[in-house]
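The values are calculated or read from the model by the stated rules, or taken from the named source; none is laboratory data. Here the structure is a predicted model, which is why all the values come from computation and not from measurement. Here the Cβ positions follow ideal geometry from the backbone for every residue, glycine too, while neighbour counts run over all protein chains shown.
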Amino acid sequence: MFLIATLGSLSLLLALMLTPLVRDGIGPRGFLDRPDGVRKRHASPVPRVGGIAIALSYALTFVIALVLPFSYTQVLHNSFNSIWRLAIPAGVVFVVGLLDDLFGLSATKKLAGILIGCLLALWAGLRVDIHLLTTSAHPVVSAAITVLWLVGCTNAFNLIDGMDGLAAGVGFLATIAMILAGLTQGNLPLVLATLPLAGCLLGFLFYNFNPASVFLGDGGSLLIGFLLGSYGALWSEKSVTLVALVAPALAMSVPMLDVGLSIVRRFLRNRPIFEADRGHIHHKLLDRGLTPRGVVLSIYGFCALAATLSLLAGALRNQFSGLIVVLFCTFAWFGIKHLDYTEFKTAREMFLKGGFRRIIGAEARLAELEQALLSARDLHDCWGKALEGSREFGFEGVRLSAHGTIFEVLPKNGARRSWQLRIPLGHNHYINFSRDLESNLDPVILSAFVDCMERGLKHMLESARPEVITMPVARQGFVHPPGSASAATNRG
């Protein structure tokens, strides 16, 4: 107990003292986060050196505790090997974050650096040990789960670091959950590793809570995420069932949920996975009308609930852990619905209301139509197939101007209000489509229709000879040959 009190007090005092020193001494030397009016809306440049202050405070806590002339520090000496093995991997991840703060690394380079740190942790003996899946016969499975877990946790805290006090506060609550789990499980290395981190984060929050005078920076958010992911692995070492990873995942559920939502959202929007945007959980809460402090406190409340559930899942093991997970997923589902993500609403409507099947069916018909246009014998044959295809998609009027000849079919009821679509085909060629104003067509299908017609007709126009199409004969509709004032034939 004295050792726990010593580590907690030392880390808290060191963070309180070092954070303003690092902020004022190192912050102005290339570590200023300047507002851009879009994602960074703070009023003036703020130093992003919180990671440096936390790393120094965390390391110095152990250095000072190890040299203290108290008998109880021998316990720390005996358990230090479990902590020391993470020093080099954590240092690599921290340096990657610092380089990103200084020079702005690309997403690929940053991910590569994080991956190197995670592989070093794996080499140092860190494992997410789920006995049902990672037996000695499947070491590759264990290694893959460990690396995926560490990379996910590291990036999760990096993504959620978008508001004053958010990432540090969420990290503090997750750390407290791990400390309590370590105490209840008798996992002393876990307690000794996480307690100084909790003190550092609490001391840093004194300067980082809204309005913040210092930011974490990528060095800080990546370091916190990596350390918590590593300590989650230490937590799982005492479990022998699937709950091994469930409990630490619940403790860090908000960052993990945010990174999962970001990946799915960007996939649905066909955007790069690592592209920054304003669709994170805290941004959506801001859009709902909450103040910055209200957003942070709301997320704190959800994190506290998740941390409590994680402790219950860890303590009850298999008895009610499944029910706890279902309960959490229910809360998360209602929370996500309340955030009103357009991407998920659209995807739900497409799958549940048949929109997905309609688009697949339309894409298949358009592929057949394009193949028919490309295989047309001449321009008249191409016109007939274009007219047939356009009617299948609800267009009543079509007009094609090509090589001085006009092919045209008018709507049956010309008095009705309609809207028109024109596709330029090059060299003064074009094709017009018209349909009733109240007739809707899915924008995705409309775009694919335009591409299909453009490719098929351009191919025919490039291969057709002008003299072939001068005869005023059409399979369907009106044909105006060159120089004629009216339609010569009507066979529609």
Would it be correct to say that T175 is among the hydroxyl-bearing types (S, T, Y) and either part of a loop (DSSP other than H, G, I, E, B) or free of Cβ contacts under 8 Å to residues at least 60 places away in the same chain (or both)? yes
Candidates I359, I406, filtered to the one that is touching a residue at least 24 places away in the same chain (Cβ under 8 Å) and either crowded, with 19+ Cβ neighbours inside 10 Å or over 30 Å from N270 (Cα atoms) (or both): I406
I want to confirm something. Restricting to segment 243-252 and keeping residues that are within 16 Å of G322 (Cβ to Cβ) and at pLDDT 80 or above, which single residue is surrounded by the most Cβ atoms within 10 Å (Cβ to Cβ)? L250
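Kindly provide the set of residues from segment 97-131 that are farther than 15 Å from L150 by Cβ and either free of Cβ contacts under 8 Å to residues at least 24 places away in the same chain or among the hydroxyl-bearing types (S, T, Y) (or both), ordered by number.
Across segment 97-131, the qualifying residues are L99, F103, G104, L105, S106, T108, K109.
Residues checked against (1) assigned by TED's automatic domain parsing to the domain that holds L150; (2) outside any helix (DSSP H, G or I); (3) within 30 Å of D277 (Cα to Cα); (4) at pLDDT below 90:
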| residue | (1), (2), (3), (4) |
| --- | --- |
| L16 | yes, no, no, no |
| T19 | yes, no, yes, no |
| H42 | yes, yes, yes, yes |
| I88 | yes, no, no, no |
I'd like to know if segment 148-167 contains one or more residues that are at pLDDT below 90, out of contact with any His (no Cβ under 7 Å at 6 or more places or on another chain), part of a loop (DSSP other than H, G, I, E, B) and of a type in the set (G, A, S). no
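From the residues in segment 377-390 that are within 13 Å of M453 (Cα to Cα) and either under 44 Å from the mean Cα position of the chain (by Cα) or aliphatic (A, V, I, L, M) (or both), which one is surrounded by the most Cβ atoms within 10 Å (Cβ to Cβ)?
Taking segment 377-390 first, the residues within 13 Å of M453 (Cα to Cα) are 382-390.
Filter again for either under 44 Å from the mean Cα position of the chain (by Cα) or aliphatic (A, V, I, L, M) (or both), leaving 385-390.
Values: K385: 23, A386: 25, L387: 21, E388: 13, G389: 22, S390: 23.
Among them, the one singled out is A386.
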Within segment 442-466, work out how many residues are outside any helix (DSSP H, G or I) and surrounded by 15 or more Cβ atoms within 10 Å (Cβ to Cβ). 1
